[in-house]
Amino acid sequence: MYQDLENKVVIVTGSGSGIGKAYAEAFGKAKAKVVLNYRSSKHEPELEKLKKEIEDHGGQALPVQGDVTNEEDIINLVEQAIKHFGTLDIMINNAGFENPVASHEMSVEEFQKALDVNLTGAFIGSREAVKYFLKEDKKGVIINTASVHDIIPWPYYVNYSASKAGLKSMMETMSMEYAQYGIRINNISPGAVVTEHTKEKFSDPETREETLKMIPAREIGETEQVANVALFLASDAASYIHGTTIYVDGGMTNYPAFMGGKG
């Protein structure tokens, strides 16, 4: 569908599972050259399987281990992409962390970890991509995976909500700085999506029904639906989209609690 993505070099952080894996698969099917980032060696078997899948679709893949909370790891990730494939076209900052804790019981370390992964990691990835794009006079693309909780408060996840709200403002600020150079920076904010981590939760009938009440479309999203938006934003079809957040949420951000009102 997006033929201009063929042979484009794209980095996907946190591509070992969930939405990150769906991104990698989608770009692989578009015959892109995908740099698969993962943090833990336990993901290596899955990454090798994903690499083969991408290659079977006509794309190329390079697994690179690295922790997005480590500045040197992210710098190395970008360097490895350029060294192996010769360039960088698209940077997707996707790696994320969440863990429910009551705000009054949350330690500074727990609060900071979410910021380190979700916000600082995305900043370093964006910064390194921008450096390269400016150096090479390239109209590159940066996409961050945010969340509906960049605007919807989420009790027990104050660290996550704060990090995603910061990510939204960071993206908008950096877009204002670099749009003049043809560098497009945007966010994708998913709502409730079925992943390896949420599958068990959404399989519980009571939890599923509580979640569906918050979604006007009355359905839980799939990772492929999020990945489709990433393909669009990375393609030439989105060439005039700068500093925007696209919510992939079945309408969750449209305050569905008011749906039953007669006002």
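Some observations on this one:
- Of every Cα-Cα pair in the stretch 140-263, the percent that sits beyond 16 Å: 66 percent
- Distribution of pairwise C-alpha distances over the stretch 92-189, 5 Å bins, in %: 3, 15, 24, 21, 15, 10, 6, 4, 2, 0
- Mean separation of Cα contacts under 8 Å, 6 or more apart, over the residue count of the chain: relative contact order %: 18 percent
- Positive-pole candidate from Ile215, Val158, Gly140, dipole of the chain, charges at beta carbon: Gly140
- Modelled spin labels at Lys213 and Ser169, positioned 7 Å past Cα toward Cβ, are 3.2 nm from each other.
- Whole-angstrom gap from the stretch 170-189 to the stretch 10-39, using each part's C-alpha centre: 21 Å
- The residues of the stretch 134-188 present an accessible area of 45 Å² per residue when probed at 1.4 Å with all protein chains retained.
- The stretch 60-153 - percent relative contact order, Cα under 8 Å, separation 6 or more: 37 percent
- Sparse-neighbour loop sites [GluC sites (Glu not before Pro); the stretch 1-81; at most 14 other C-beta within 10 Å; DSSP]: Glu6
- Members of Lys8/Lys164; Lys8/Lys52; Lys29/Lys52; Lys51/Lys131 lying beyond 23 Å, as alpha-carbon distances in this model show: Lys8/Lys164; Lys51/Lys131
- Of the GluC sites (Glu not before Pro) in the stretch 177-211, those whose Cβ has at most 16 other Cβ within 10 Å and which sit in DSSP loop: Glu196
- Diffusion constant of the chain at 37 °C, which comes from Stokes-Einstein with the Kirkwood Cα-pair radius and 0.692 mPa s, µm²/s: 175 µm²/s
- For the chain, carbon and sulfur atoms together expose 50% of the accessible surface, with a 1.4 angstrom probe and every protein chain in place.
- From helices alone, the chain scores -13000 deg cm²/dmol at 222 nm; the rule is -39500 (n - 2.57) for each run of n ≥ 4 DSSP H residues, then divide by the residue total.
- For the Cα trace of the stretch 1-125, dividing Rg by the Kirkwood Rh returns an Rg/Rh value of 1.03.
- Geometric extent, Cα atoms of the stretch 47-111 - Rg, Dmax (angstrom): 16.6, 51
- Here the spin labels are modelled as points 7 Å beyond Cα on the Cα-Cβ line, and at Ala237 and Ser103 they lie 4.0 nm apart.
- Checking every one of the chymotrypsin sites (Phe, Trp or Tyr not before Pro) in the stretch 141-228 against DSSP loop status and a limit of 16 other Cβ atoms within 10 Å picks out Tyr156.
- Entry comment: accessible area of the stretch 2-132 is 45 Å² per residue, from protein heavy atoms only and a probe of 1.4 Å.
- Once Rg and the Kirkwood radius are both taken over the C-alpha atoms of the stretch 130-174, their ratio Rg/Rh works out to 1.16.
The values are calculated or read from the model by the stated rules, or taken from the named source; none is laboratory data. No experiment lies behind these values; they were computed from the predicted model shown. A quick note on method: Cβ atoms are made from the backbone with ideal geometry, for glycine too, and the neighbour counts reach across all protein chains shown. Quick note on the areas: whole protein, heavy atoms, side chains included, nothing else; ligands and nucleic acids left out. Shrake-Rupley method; radii C 1.70, N 1.55, O 1.52, S 1.80 Å.
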